[in-house]
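Here's the structure we're looking at; comments come further down.
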Amino acid sequence: MDSTKLTSKGEDFKMRGHLRGLTNYGDPGFSVFARGAYARGFGLTKEDLDKPIIGIAQTWSELNPCHRHLREIAEAVKRGVWQTGGLPLEFPTISLGEMYLNPTAMFFRNLLSMDTEEMIKGQPMDGVVLLGGCDKTLPAQLMGAASAGIPAICVTAGPMIGGRFEDKVLGACSDCRGTWAEYRAGNYDDERLEEVQGSLFPSTGTCMVMGTASTMASLTEAMGMMLPGLAAVPAVNSNRIRLAENSGRRIVDLIEKDITPEKIITRKAFENAIRVLMAVGGSTNAVVHLPAIAGRLGIDLPLSLFDDISRTTPMIGNIRPSGQKYLMEDLAAAGGIPVVMKELEPLLHGDCLTVTGETVTENLSKVQGAQPWQDVIYTREKPISEEGGLVIVKGSLAPDGAVIKISAANSDLLTHTGPAVVFSSQQDLVERIDDPDLPATAESVFVLQNTGPIGAPGFPEAGSMPLPKKLLEAGVRDVVRVSDARMSGTASGTIVLHVAPEAAAGGPLALVRDGDMITLDVTNRRLDLNVSEEELTRRRASLETLPPHYDRGYGKLFIENVLQAPDGCDFGFLRKTE
Ligand code: FES
């Protein structure tokens, strides 16, 4: 044992395996001795301790049903690591079950990213396999791994298989929302509602439409941080086990070649991911998560980049909720994201490195384009639409931008001027949405204030506001909705989200009043409040400042440091600054 090497600051960090990052007792030699003794306590041999350590960041939790099978996935990863001479050691981080966190899972995304980063850096490991999947977990893990800077590979939980109810194939949570709307409209009784509830989640895994979890998995694959094909394979398909095992083998090779996240997740890799986002009609939440991951690497992803790429990317993914019929399992059967990327190949940066150790072009050389026997993935020449699924709008109501998922919107409403019906908060909306006197018609523009990162707090998925019963009963299923909230990637409608700055940060959204005329003009990328500057100045002068939601703890840290949506809602102090 050469303890003299350990006294030089920095050199110990370069050591492999269990000697990496020694606990500080003021005597490095003792630290080596004691750690070796404790390692034997695991039942490991001296030979095991010479191997590179692969940490497996585990987000299994009994409060996260989407991750119910991640312990089995971890075993597969471990097999792959052992096969290639590494020592796999699984460690827990916090988990973020989308439906099990208050106020929102998004509120905790940065906390998981900090947990992941610090546990990677603080514990002895040479590389890490990130096991995540449910909405915020994967972006949080990528943020943490990008900051930690050691080789990393993602293995996601994978999507659920489709649910069955009568003659329908159900997709969560698009059909959660659709079913609830029918119940509110009086078309479903309590018994039928409960039957659907019992059919929506037929297996472990993440939501099986192209919601946020599936979108982020697809983009992670597209940016090269996950093995090709893995994003769409259902959670319960044995191919996921094989790919997890292969990921265990790959991480050992990434360590040997010192391929760190920053060598894979470059600006070009993000552009590839955004192409895929637009091509599959993916979740608006990606427009928040990608800039957050990029910020950890010192890469700027302005909203204008999303819009530029959207305008030049054909939409070819026929997957719900943007598509009418298909789920992630159908995408997998059609070849998955590799086939989507093959169709987009002329538009992609082929020289980007991936976790296969090869470039995008090399990976795609083994892939065929969309096959004629299926209509899940359209061809580039005959796309579903000539442009991508997401659009960025700006204007007097959203000076720093807002996002709308046009692929899941009502095309008749994409150019629309109507009178505002304003809700000052989520609570206000809950209390008044079914008020018979609410001045709401199919022409209205619903406005929800104080629902952004600071205002709600935690940036809830509240942007897909429920429609009033009286409109539902009249057959109305969509109106233009505008807010500083997010929405679930599984939701649909003509819904403008992430309005920035948010109302609680002084954005003009706070100044809207009932009856103000609002214009949404997607063709010209505009969102405008048709009220004079003088009137807005008068309203601003009488605007009340709302008290902060927290005065201590993580909540206070969040409120004081969270960035606005266009910057990814990361904490400013976590972004790479050099
Ligand atoms: Fe976990 Fe949808 S609730 S992915």
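How big is the equivalent ellipsoid of segment 372-416 along its three axes, where each semi-axis is √(5λ) from the Cα gyration tensor, reported in whole Å from largest to smallest?
On the way: eigenvalues 168, 26, 13 Å².
Result for segment 372-416: semi-axes of 29, 11, 8 Å.
Would you please give the FRET efficiency between GLU358 and ARG552, computed as 1/(1 + (r/R0)^6) with r the Cβ-Cβ distance and R0 = 45 Å, to the nearest 0.05? Could the numbers behind the result be given before it?
Numbers: r = 49 Å, r/R0 = 1.10.
Efficiency computed from Cβ-Cβ geometry: 0.35.
Taking the mean number of other Cβ atoms within 10 Å as a proxy for protection, how do you rank 393-402, 152-161, 222-231 from highest to lowest?
Numbers: 393-402: 21.6, 152-161: 29.5, 222-231: 26.0.
The densest-packed peptide leads the list: 152-161, 222-231, 393-402.
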Relative intensity, log₁₀ I(q)/I(0), of segment 46-150 from a Debye sum that treats every alpha carbon as a point, q = 0.13, 0.16 Å⁻¹: -0.45, -0.66
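Could you work out the equivalent-ellipsoid semi-axes for segment 188-300, taking the square root of 5 times each eigenvalue of the Cα gyration tensor, largest first, in whole Å? Mind showing how you got there, number by number?
Details: eigenvalues 198, 81, 20 Å².
In descending order the semi-axes read 31, 20, 10 Å.
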Radius ratio Rg over Rh of the chain, counting only Cα atoms, Kirkwood formula for Rh: 0.99
Folded to 0 to 90 degrees: helix 212-222 orientation relative to the chain principal axis, Cα: 50
Ranked by how many other beta carbons lie within 10 Å on average, peptides 443-452, 188-197 from highest: 443-452, 188-197
Separation between Cα centres of segment 86-104 and segment 527-578, rounded to whole Å: 28
Segment 111-262: translational diffusion in µm²/s, Stokes-Einstein, Kirkwood Rh over Cα pairs, 4 °C, 1.567 mPa s: 77
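Calculate for the chain the 222 nm mean residue ellipticity that helices alone would give, adding -39,500 (n - 2.57) per DSSP H run of length 4 or more and normalising by residue count, nearest 500 deg cm²/dmol.
Working: 20 runs with 192 residues, N = 578.
-9500 deg cm²/dmol, from helical runs alone.
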Scattering curve values for segment 291-353, log₁₀ I(q)/I(0), Debye with Cα scatterers, q = 0.24 Å⁻¹: -1.11
Top positive-direction residue, dipole computed over segment 42-199 with Cβ charges, set ALA172, SER95, SER199: SER95
Over segment 262-384: Kirkwood hydrodynamic radius from C-alpha pairwise inverse distances, Å: 14.9
Alpha-carbon gyration tensor eigenvalues x 5, square-rooted, for segment 429-578, Å: 28, 18, 16
D (Stokes-Einstein, µm²/s), Kirkwood Cα radius, segment 231-274, 0.890 mPa s at 25 °C: 199
Nearest 10 degrees, 0 to 90: helix 267-279 Cα axis against the chain principal axis: 50
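We did not get these values from a lab; they are worked out from the coordinates using the rules stated. Remember, predicted model here, so these are calculated numbers, not experimental data. Please note: Cβ atoms are built from the backbone with ideal geometry, for glycine as well, and neighbour counts cover all protein chains shown.
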